[in-house]
Amino acid sequence: MFRTLRSIWRLSLVVALVSSASYLYPAARLGFRYLSAPDDPVAAAEVRMESLAGDDFEDEVRTALAEKDPELARSMVAVAKERGYSLAPALIVQIEEAEKFSVTETAKQAWSGLTSGNTDSPAAFAAALAADMTVVGDAKDLYGEYLKYPEWDELTVALSSAGIVAAGATYASMLSALPAKAGVTLLKNAKKADKIPGPLLREMRELASGSVDVDAVRQATKSAAKLDAKEAVEQARRAVRPEVLQKLVDAGANFGTVARRHGYRASMDTLKLANSTDDIRRMEKLSSRFGDGYRATIRFARKAGSFTMHVGEFLLKTAWWLIWLASWAVGAAILVFEAILTVLRFLRGSRALAAQ
């Protein structure tokens with residue numbers, strides 16, 4: 001009787017371990033991934049997403065619709081679907097209704113962007129970007145700052161020079177460098193609108209400080225005035241120290257890639273959360289992983305205060321996983337111990353029979 005109960009207990013333990021392994025494996029994989037690279041934004045975001053339920057996504061969809069942001073609502077649907085949640089059909093209908101737009105309003109926004117450089121809406125930004133894709137827009141800003149010398153803003157000079165260089169690279173590469181040009185333009189316009197977060201703005205100002213060559217700026221503006229784009233690009237390369245110029249162009253490329261993949265609002269959401277140029281690079285990585293769910297992902301990151309995760313937050317969010325993993329490990333250890341004892345008993349019995 002005792003042996004039968006023991007066999008049933010062992011069988012039950014095996015079944016429990018096998019059935020729970022499918023649930024615990026993803027949690028263990030995410031946990032080990034985070035612990036091996038705690039500053040990896042993708043690992044942190046996936047850990048956060050695992051703790052969300054369908055109701056969390058529906059609440060965020062309603063909030064996005066109240067904010068008149070159907071694009072964010074649609075992003076929430078994409079993430080919820082990836083997590084295996086189906087949202088209420090009524091919410092999907094509301095999103096579809098909100099996505100209907102006014103052609104007249106879009107035309108007004110585009111005209112505002114084209115004529116004034118205003119970038120407060122997707123249509124306006126697209127038009128402003130189209131107007132600024134040649135070296136002319138950056139050259140105009142560069143010349144405006146040159147006239148203010150020595151009271152000029154070195155960061156605007158550096159961004160304008162980076163924009164000219166990125167524009168030259170765009171032409172030379174048959175538009176493959178377009179994200180860099182778009183990103184630098186977006187950063188420059190965000191600075192004009194005071195939309196760059198303080199920490200990121202300070203880093204960029206420190207980068208630009210003392211890095212500008214006045215004579216090269218003068219030559220770049222002269223070349224642009226003569227419509228000599230090639231010479232303007234060459235002089236713009238000399239206008240700012242190479243390492244500073246490259247850092248700004250790289251930040252622009254990462255930022256522009258986010259804009260190309262996900263649009264204007266995603267770019268602004270990215271900017272609100274970026275406290276350094278390295279943050280922009282990390283968030284470009286996030287945009288690649290989460291696709292249409294990128295805006296939803298960084299929305300939850302903003303609510304958490306960061307797109308990376310501290311160890312304390314990780315332990316809190318994975319507390320149940322850790323308890324289950326510990327229980328699973330204990331169960332597995334007991335099973336292995338029992339198996340070893342069984343093998344030893346079998347070997348001992350075999351030896352005894354052999355001795356007889």
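The values are calculated or read from the model by the stated rules, or taken from the named source; none is laboratory data. Small disclaimer: the values here were computed from a predicted structure and weren't measured. Neighbour counts run over all protein chains shown; Cβ positions are idealised from the backbone, glycine included. The accessibility values were calculated without ligands, DNA or RNA, using every heavy atom of the protein model including side chains. Shrake-Rupley method; radii C 1.70, N 1.55, O 1.52, S 1.80 Å.
Of all the residues in the range 181-212, those that are open to solvent by 10 Å² or more (accessible area, probe 1.4 Å) and farther than 12 Å from Leu159 by Cβ number 12. For the range 213-229, a tally of residues being touching a helix residue (DSSP H, G or I) at 6+ places or on another chain (Cβ under 7 Å) and either open to solvent by less than 30 Å² (accessible area, probe 1.4 Å) or assigned to a helix (DSSP H, G or I) (or both) returns 9. Every residue in the range 60-74 that is free of Cβ contacts under 8 Å to residues at least 40 places away in the same chain and open to solvent by 70 Å² or more (accessible area, probe 1.4 Å), please. Answer for the range 60-74, where residues must be free of Cβ contacts under 8 Å to residues at least 40 places away in the same chain and open to solvent by 70 Å² or more (accessible area, probe 1.4 Å): Arg62, Ala66, Glu67, Lys68.
Each row is one residue, and each column tells you yes or no for (1) under 14 Å from the mean Cα position of the chain (by Cα); (2) within 28 Å of Glu284 (Cβ to Cβ).
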site	(1), (2)
Leu201	no, yes
Val212	no, yes
Ala220	no, no
Ala239	no, yes
Lys247	no, yes
Ala266	yes, yes
Asp269	yes, yes
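One line per residue, one yes/no per condition, for (1) open to solvent by 20 Å² or more (accessible area, probe 1.4 Å); (2) modelled with pLDDT under 80; (3) in contact with a Lys or Arg (Cβ under 6 Å, 6 or more places away or on another chain):
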| site | (1), (2), (3) |
| --- | --- |
| Gly113 | no, yes, no |
| Ser116 | yes, yes, no |
| Ala128 | no, yes, no |
| Met133 | yes, yes, no |
| Tyr149 | yes, no, no |
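Residue-wise test of (1) open to solvent by less than 10 Å² (accessible area, probe 1.4 Å); (2) at pLDDT 80 or above.
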site: Asp138; (1), (2): yes, yes
site: Tyr146; (1), (2): no, yes
site: Ala166; (1), (2): yes, yes
site: Ser176; (1), (2): no, no
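Taking the range 230-263 as the range and being more than 26 Å from Met76 (Cα to Cα), part of a helix (DSSP H, G or I) and either open to solvent by 80 Å² or more (accessible area, probe 1.4 Å) or aromatic (Phe, Trp, Tyr) (or both) as the test, the residues that pass are Lys230, Glu234, Arg237, Arg238, Pro242, Glu243, Gln246. Entry remark, the range 186-212: residues being part of a helix (DSSP H, G or I) and either farther than 15 Å from Ile164 by Cα or free of Cβ contacts under 8 Å to residues at least 60 places away in the same chain (or both) number 15 in total.
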